[in-house]
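Note sheet for the following structure.
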Amino acid sequence: TENVDEVFDQGFALMHPRDFVVKSKTITRKPEVKAVVTFVLDASGSTARYMEAFKRFVHDIETLIAANYKGFAFEYIIFDTQAHIMKSRNDFFRSQLGGGTTYHTGTDKARDLFNQKYPRNIWDRYTFLMGDMEDFAPDKAFASIKKLLDESEFFGTVAGLHSREYMD
């Protein structure tokens, strides 16, 4: 039984296309699902040194989604102690806020946006949280992230390079 895969591979290599016979087929239509990707950025000022890496990441994700979904939308949220939905990608990367950093405000805003504008039965929901993870406040942030993850297909973080404490 250890060589079952090897035996199958050898057997399939000897087959010709005429050996495969399909007596009937049923076409199953895939549901028309769209994707929304929400990028949530710490704009408190301390992440400025990571902005080029964040821009490359956003570009790569946008390219990947556009290649794999017929319908898609991108949303951009910045936050410090309050979260704000930005109108465009350019505004997203150009805006800087002052004040402290409250990560859960950004993820709460993403969840509100999903519930108001993107019904789950039509949209695959993806969120990426970007920041240096300073002042992360895990109790509040993880509670908010868990709620968002329960209503999404994927949640990921893109952390600045010196974010070792967050990663532990």
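So how many Å³ per residue does the convex hull of the Cα atoms of the chain work out to? Let's see the in-between values first.
Values: hull volume 34.4 nm³, N = 168.
Output value, Cα hull per residue: 205 Å³.
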Task: Of ASN121, LEU149, THR63, farthest towards positive along the dipole that unit charges on Lys, Arg, Asp, Glu beta carbons give the chain - done: ASN121
Task: Reach of LYS117 by Cα under 26 Å, taken over lysines that are not fewer than 8 positions away in the same chain - done: LYS30, LYS34, LYS55, LYS70, LYS87, LYS109, LYS140, LYS146, LYS147
Open item on the list: Classify the range 73-168 from the C-alpha gyration tensor, please: rounded if a/c falls under 1.5, else prolate or oblate depending on whether a/b exceeds b/c.
Closed with: oblate
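Assuming R0 = 30 Å, what is the FRET efficiency of ALA73 and ASP5, from their Cβ-Cβ distance, to the nearest 0.05?
On the way: r = 42 Å, r/R0 = 1.41.
The formula returns an efficiency of 0.10 here.
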- [ ] Would you pull out the residues with amide H under 5 Å of ASP124's amide H, same chain only if 5 or more places away, H placed 1.01 Å from N?
- [x] LYS34, ALA35, VAL36
Task: Average Cα contact separation per residue, the chain, under 8 Å, 6 or more apart, as relative contact order % - done: 25
Open item on the list: Could you compute the net charge surrounding GLY71? Neighbours are other residues with a C-beta less than 9 Å from the C-beta of GLY71; K and R count +1, D and E count -1.
Closed with: +1
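Given only helices, namely DSSP H runs of n ≥ 4 each adding -39500 (n - 2.57), what is the per-residue ellipticity at 222 nm of the chain, to the nearest 500 deg cm²/dmol?
Rounded to the nearest 500, it is -12000 deg cm²/dmol.
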TODO: Quote to one decimal, in nm, the extra length available between THR26 and GLN96 on full extension: 0.36 nm per residue of separation minus the C-alpha distance between them.
DONE: 19.8 nm
Open item on the list: Can you compute the charge dipole magnitude of the range 66-150 about its Cα centre, using +1 on each Lys and Arg Cβ and -1 on each Asp and Glu Cβ, nothing else charged? Give it in debye, rounded to the nearest 20.
Closed with: 460
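Less than 14 Å Cβ to Cβ from GLY45, Lys/Arg counted +1 and Asp/Glu -1: what total charge do the surrounding residues give? Intermediate results must be reported in sequence, preceding the final value.
On the way: positive: ARG49, ARG94; negative: ASP42, ASP80, ASP132, GLU134, ASP135.
Residues near GLY45 contribute -3 overall.
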Open item on the list: So with the 1.4 Å probe, I'd like the accessible area per residue for the range 74-152, rounded to whole Å².
Closed with: 51
- [ ] Pop out the carbon and sulfur fraction of the accessible area of the range 20-140 as a percent, whole number, probe 1.4 Å.
- [x] 51
TODO: Work out the FRET efficiency for ALA143 and ASN121 from their Cβ-Cβ distance, taking R0 = 35 Å, and round it to the nearest 0.05.
DONE: 0.85
Open item on the list: Let's see if you can work this out: charge +1 on each Lys and Arg Cβ, -1 on each Asp and Glu Cβ, no other charges. What is the dipole magnitude of the chain about its Cα centre, in debye to the nearest 20?
Closed with: 980
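The values are calculated or read from the model by the stated rules, or taken from the named source; none is laboratory data. No experiment lies behind these values; they were computed from the predicted model shown. Cβ sites come from the backbone with ideal geometry, for glycine too, and all protein chains shown count toward neighbours. With ligands, DNA and RNA removed, areas are computed over all heavy atoms of the protein, side chains included. Shrake-Rupley method; radii C 1.70, N 1.55, O 1.52, S 1.80 Å.
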